[in-house]
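Asks: Sharing a structure with you now.
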Amino acid sequence: NGRLLIPTNEIAWQKLMLYPRCVNTEIGGLCKLRETRNGGFRLEETVLLKQRATGASVHLDMAALSEFVGKLDDPSQWRCWWHSHADMPTFFSGTDEATIERLGTMMPYLLSICVNRARSIRVRFDVFSPFRMTIGATLKPEPHDYGWLKAELMAEVEKLVTDDRGVLSKDWWDKHES
């Protein structure tokens, strides 16, 4: 079907699906995207960094990002940017397109993921060098029960994410869990 299929670690997948359900705002972070021996890719880890979030944007704290990258053995494996659109549909907005192009000045390729609280997901793979190309992509998760992960993610979100009102939605999850 012309889409790039990306095998995805089960915990990385669950974090992508659950982080947006922990807040009333957008939220975002990075994923580790490892190149495999057969020339493909595998999404292995999802991280949340300190950030400032609103209902329409998320801004990673540059000092936290710099510190995170500085501790990595191989920063080149972190070529995946993820973010949420809260309760809006998943698509790549003009702001998202600009972010993708800006990140493309620093790397030969980038996997971008947009998710929302309804667990909708849109994924694309952009090549910047040696030529420019965008390919639709699909994550292939190995989903398992994630109930144990909720408390861990909520604690991490409370520590790292603030919104304009200073209030995080601690009860959204329970009200909307299907």
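The values are calculated or read from the model by the stated rules, or taken from the named source; none is laboratory data. Treat the numbers as computed from the prediction; the structure is a model and nothing was measured. Glycine gets a Cβ as well: all are built from the backbone with ideal geometry, and neighbour counts include every protein chain shown. The accessibility values were calculated without ligands, DNA or RNA, using every heavy atom of the protein model including side chains. Shrake-Rupley method; radii C 1.70, N 1.55, O 1.52, S 1.80 Å.
Asks: Go through (1) without any contact (Cβ under 8 Å) to a residue 40 or more places away in the chain; (2) farther than 21 Å from GLU152 by Cα one by one and return the number of the condition ILE113 breaks.
Replies: (1)
Asks: Could you count how many residues in the range 121-136 are within 21 Å of the chain's Cα centre (by Cα) and not in a strand (DSSP E or B)?
Replies: Counting residues in the range 121-136 that are within 21 Å of the chain's Cα centre (by Cα) and not in a strand (DSSP E or B) gives 1.
Asks: For the range 1-20, name all the residues that are of a type outside the set (A, V, I, L, M), open to solvent by less than 10 Å² (accessible area, probe 1.4 Å) and within 17 Å of VAL157 (Cβ to Cβ).
Replies: Once the filter is applied, which keeps residues that are of a type outside the set (A, V, I, L, M), open to solvent by less than 10 Å² (accessible area, probe 1.4 Å) and within 17 Å of VAL157 (Cβ to Cβ), the range 1-20 yields TYR19, PRO20.
Asks: Which of the residues belonging to the range 26-48 are at pLDDT 95 or above and outside any strand (DSSP E or B)?
Replies: Once the filter is applied, which keeps residues that are at pLDDT 95 or above and outside any strand (DSSP E or B), the range 26-48 yields GLU26, ILE27.
Asks: Is the range 106-114 home to any residue that is open to solvent by less than 10 Å² (accessible area, probe 1.4 Å) and more than 16 Å from the chain's Cα centre (by Cα)?
Replies: no
Asks: Tell me which residues, restricted to the range 64-82, are modelled with pLDDT under 95 and open to solvent by 70 Å² or more (accessible area, probe 1.4 Å).
Replies: SER66, ASP73
Asks: How many residues are under 14 Å from TRP81 (Cβ atoms) and open to solvent by 40 Å² or more (accessible area, probe 1.4 Å) when one looks only at the range 21-53?
Replies: 2
Asks: When the residues of the range 135-154 are filtered to those that are hydrophobic (A, V, I, L, M, F, W, C) and touching a helix residue (DSSP H, G or I) at 6+ places or on another chain (Cβ under 8 Å), which remaining residue is modelled with the lowest pLDDT? Walk me through how you get there before you give the answer.
Replies: At the first step, the residues of the range 135-154 found to be hydrophobic (A, V, I, L, M, F, W, C) are 135, 137, 139, 148-149, 151, 153-154.
Applying the additional criterion that residues be touching a helix residue (DSSP H, G or I) at 6+ places or on another chain (Cβ under 8 Å) yields 139, 149, 153-154.
Values: LEU139: 95, LEU149: 75, LEU153: 82, MET154: 81.
Ranking the candidates gives LEU149 first.
Asks: Among the residues of the range 1-25, count how many are in a loop (DSSP other than H, G, I, E, B) and either without any contact (Cβ under 8 Å) to a residue 40 or more places away in the chain or touching a Cys at 6+ places or on another chain (Cβ under 8 Å) (or both). Don't jump to the end; show me each part of the working.
Replies: Taking the range 1-25 first, the residues in a loop (DSSP other than H, G, I, E, B) are 1-3, 9, 23-25.
Subsequent filtering for residues that are either without any contact (Cβ under 8 Å) to a residue 40 or more places away in the chain or touching a Cys at 6+ places or on another chain (Cβ under 8 Å) (or both) retains 1.
Total satisfying the criteria: 1.
Asks: Give the residues of the range 155-178 that are at pLDDT 80 or above and either in contact with a Ser or Thr (Cβ under 6 Å, 6 or more places away or on another chain) or surrounded by 15 or more Cβ atoms within 10 Å (Cβ to Cβ) (or both), sorted by residue number. It would help to see each step written out before you state the result.
Replies: Of the range 155-178, the ones at pLDDT 80 or above are 155-161.
Residues satisfying the conditions are GLU156, VAL157, LEU160, VAL161.
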